[in-house]
1. Can you pull out the helices (runs of 4 or more DSSP H) entirely within the range 149-218 that have at least 2 residues that are on the phi < 0 side of the Ramachandran plot and modelled with pLDDT of 85 or more?
2. Would you confirm whether or not the range 47-69 contains a residue that is under 30 Å from Glu269 (Cβ atoms) and not aliphatic (A, V, I, L, M)?
3. Between Thr258, Thr231, which is within 23 Å of Gly49 (Cα to Cα) and among the β-branched types (Val, Ile, Thr)?
4. Here is a list: Lys128, Lys102. Which entry is modelled with pLDDT under 95 and exposed (fewer than 11 other Cβ atoms within 10 Å of the Cβ)?
5. Report yes if Lys30 is at pLDDT 80 or above, surrounded by fewer than 14 Cβ atoms within 10 Å (Cβ to Cβ) and over 30 Å from Phe243 (Cα atoms), otherwise no.
6. Can you name the condition, by its number, that Phe127 falls short on among (1) of a type in the set (Phe, Trp, Tyr); (2) part of a loop (DSSP other than H, G, I, E, B); (3) touching a Gly at 6+ places or on another chain (Cβ under 8 Å)?
Amino acid sequence: MGQDAASKRHYCRNTNFGSNFLIRKIKLNKTFIALLEEASFTKEILISGVVQISKANYAQKGFYFQSFTSLATGLERIGKLCLLLDYYINNNGVFPDIKFIKNQINHDLKLLYDKSRELTNAHSIKFKYLDNLDDEIHENMISILSAFAKGDRYSNIDFLVTSKTKSDPILEWHLKVDEILFEKKVSKKGKKKIHLNAMLIEQLIGSHSSVRHFSESRKELTNLYGSSFLTGMNESIVRFRQFHILQIIRYWFEILWTLQYRAMSLGREEIPFFNELFAEFYNSDEFFLKTKDYK
């Protein structure tokens, strides 16, 4: 490895991206810095989304919007990094103009996934883990996040100004992600325990309590049984939410990793080691499932 490449690799691992002194000292080119910072921002956004989705529940709906915003933005950015590298490889180290990204993709995560399938075939990419996101949960997550990015994030404002909404992202998530996970991933014994615990809480203090909440499905909660059941349901599936999101991110990472080295082979020394930046997403399903606090 040449001295410039080694310096860049050291920079990628160990420096503060905002340090003008280090940038001047190592003399990194602007393309390298732009790619490095974009990848760094994307990684942090994705981590935020993974963490926030584990906190979201009927009583703290703001965490849904924090997570959806981060995940939709992060997945769009890592996907577009892959498209940029694909263009770079096919055009001898030249990046496209702004119209390439805006006109072809915009904020459409479903279309971006379709493009990933084309990249996978064109570059004969071999995956260690999942080589597609065609599972029902993955498809539903991508569809909900795509709709959120394209306008559903304003569902409440849309209702206020037009009396209409395109769709409710929290409701969609509850119906198409959480309820399916609860049905498929939680055992009959686990479901029964949640039900009995909710009944016990209602019997013990229900007559002395007042509950006024709305569930993710927009149904009014007026008793402890309903709120306690949703709490138990949420706790039983939250790790599966994270698990499927992490699988989606890992899928994109594996594509980016392959394209990274093919772009580097052009010899311009302006492509960072993305595999080092996103390394925490390159883990097994077993690791994802057992890790409670993914930070």
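1. Values: elements: 155-162, 169-173, 179-185, 188-205.
By residue number, 169-173, 179-185, 188-205.
2. From the range 47-69, those under 30 Å from Glu269 (Cβ atoms) are 47; that's our starting set.
Now drop any that are not not aliphatic (A, V, I, L, M), which leaves none.
No, because not a single residue in the range 47-69 is under 30 Å from Glu269 (Cβ atoms) and not aliphatic (A, V, I, L, M).
3. Working: Thr258 fails: within 23 Å of Gly49 (Cα to Cα).
Exactly one of Thr258, Thr231 is within 23 Å of Gly49 (Cα to Cα) and among the β-branched types (Val, Ile, Thr), namely Thr231.
4. Working: Lys128 fails: modelled with pLDDT under 95.
Matching residue, one of Lys128, Lys102: Lys102.
5. Details: at pLDDT 80 or above: yes; surrounded by fewer than 14 Cβ atoms within 10 Å (Cβ to Cβ): yes; over 30 Å from Phe243 (Cα atoms): yes.
Yes, satisfied.
6. The single condition Phe127 does not satisfy is (3).
Conditions (1) surrounded by fewer than 16 Cβ atoms within 10 Å (Cβ to Cβ); (2) closer than 30 Å to Ser167 by Cα; (3) touching a residue at least 40 places away in the same chain (Cβ under 8 Å); (4) touching a His at 6+ places or on another chain (Cβ under 9 Å), marked per residue:
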site	(1), (2), (3), (4)
Leu196	yes, no, no, no
Phe214	yes, yes, yes, no
Glu235	yes, yes, no, no
Arg239	no, yes, yes, no
Leu246	no, yes, yes, no
Tyr251	no, yes, yes, yes
Ile255	no, no, yes, yes
Leu259	no, no, yes, yes
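Residues checked against (1) part of a helix (DSSP H, G or I); (2) farther than 30 Å from Thr222 by Cβ:
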position: Ser48; (1), (2): yes, yes
position: Tyr64; (1), (2): yes, no
position: Ser67; (1), (2): yes, no
position: Gly79; (1), (2): yes, yes
position: Gly93; (1), (2): no, yes
position: Ile101; (1), (2): yes, yes
position: Asn106; (1), (2): no, yes
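The values are calculated or read from the model by the stated rules, or taken from the named source; none is laboratory data. Since we're looking at a predicted model, the values are computed, not measured. Counting neighbours? That spans all protein chains shown, and the Cβs are built from the backbone with ideal geometry, glycine included.
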